[in-house]
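Chemist: Here's a structure for you.
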Amino acid sequence: MTASTQNPRTVSANSTSALDIKSLVLLAVLLAAGFILNFTVGKSIAALTANAISPEFIISAFCLTILVVRPNLVQALVIGLISAAVIQITTTSPFIDFAAEGIAAVIMALFVKAQSSGSKSLVIPAVGTFVTTAISGIIFMVIKLATTGFAPEMVAVLPAAMLPVIFATAAFNAVLVAALYLPIKAALKLEN
């Protein structure tokens with residue numbers, strides 16, 4: 001029997017095909033912070049504004065993650081679905097967030113792709129987060145209406161009640177993400 005020499009097997013990760021550990025840790029930290037903020041600050045803001053603004057810090061968290069990590073569209077979808085899974089802990093409407101946050105996260109990634117790498121402009125973080133939050137809320141509302149069979153009494157009331165909250169929340173999230181984007185990039189020493 002002849003002895004053959006074999007090279008050790010190595011596995012290399014392609015950064016364009018998988019989220020790296022640093023990206024997943026950032027997502028986990030931001031989602032945890034968002035979850036805690038939803039229970040504390042979010043409830044307080046909602047109470048102070050008679051539910052006119054109901055911040056969804058989980059959306060802010062995944063928008064920040066997508067801005068910093070700059071994932072491809074499939075990775076953004078995964079980020080959105082992970083975020084939706086966290087939301088399931090507190091939601092009163094199970095499973096709707098999987099559609100809403102999945103689609104919204106992909107939309108945020110499309111905004112990020114429009115931003116040049118290394119840009120210090122806050123336009124994309126603010127506008128992208130506003131649109132992402134609004135689309136998430138609208139998808140949520142439409143699915144909620146669909147679960148009622150688009151009952152006329154719900155169609156007459158739900159949009160009128162939810163749309164102002166959706167857009168106020170979108171504005172709040174846009175300001176929050178724009179304010180945190182550059183400091184988080186600087187803290188992580190990221191150039192992208």
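Chemist: For segment 42-51: of the residues being in contact (Cβ under 8 Å) with a residue 60 or more places away in the chain and assigned to a loop (DSSP other than H, G, I, E, B), which is farthest from A76 (Cα to Cα)?
Modeler: The extreme case among them is T49.
Chemist: Please specify each residue of segment 51-70 satisfying the condition of being over 21 Å from S23 (Cα atoms) and touching a Pro at 6+ places or on another chain (Cβ under 8 Å).
Modeler: Across segment 51-70, the qualifying residue is only A52.
Chemist: A further question follows. Please find, within segment 143-192, the residue that is surrounded by the most Cβ atoms within 10 Å (Cβ to Cβ) out of those that are touching a Ser or Thr at 6+ places or on another chain (Cβ under 9 Å) and not in a helix (DSSP H, G or I).
Modeler: N192
Chemist: Something else about it: Restricting attention to segment 21-41, does a residue exist that is at pLDDT below 90, part of a loop (DSSP other than H, G, I, E, B) and at negative phi?
Modeler: no
Chemist: Name, by its number, the condition in (1) under 28 Å from A187 (Cβ atoms); (2) outside any helix (DSSP H, G or I) that does not hold for I59.
Modeler: (2)
Chemist: Also: Output the number of the condition that L67 fails; it satisfies all remaining conditions of (1) out of contact with any Ser or Thr (no Cβ under 6 Å at 6 or more places or on another chain); (2) touching a residue at least 60 places away in the same chain (Cβ under 8 Å); (3) surrounded by fewer than 22 Cβ atoms within 10 Å (Cβ to Cβ).
Modeler: (3)
Chemist: Given the criteria touching a residue at least 60 places away in the same chain (Cβ under 8 Å) and open to solvent by less than 10 Å² (accessible area, probe 1.4 Å), does S136 qualify?
Modeler: When the stated conditions are applied, S136 passes them.
Chemist: Can I ask one more? Sort through S54, S83 and tell me the only one that's under 25 Å from P159 (Cβ atoms), hydroxyl-bearing (S, T, Y), touching a helix residue (DSSP H, G or I) at 6+ places or on another chain (Cβ under 6 Å) and in a loop (DSSP other than H, G, I, E, B). So that I can check it myself, show each step before the final result.
Modeler: Values: S83 fails: in a loop (DSSP other than H, G, I, E, B).
That would be S54, the only listed residue that is under 25 Å from P159 (Cβ atoms), hydroxyl-bearing (S, T, Y), touching a helix residue (DSSP H, G or I) at 6+ places or on another chain (Cβ under 6 Å) and in a loop (DSSP other than H, G, I, E, B).
The values are calculated or read from the model by the stated rules, or taken from the named source; none is laboratory data. Treat the numbers as computed from the prediction; the structure is a model and nothing was measured. Glycine gets a Cβ as well: all are built from the backbone with ideal geometry, and neighbour counts include every protein chain shown. Each accessible area value is taken on the protein alone, full model and side chains, heavy atoms only, with ligands, DNA and RNA left out. Shrake-Rupley method; radii C 1.70, N 1.55, O 1.52, S 1.80 Å.
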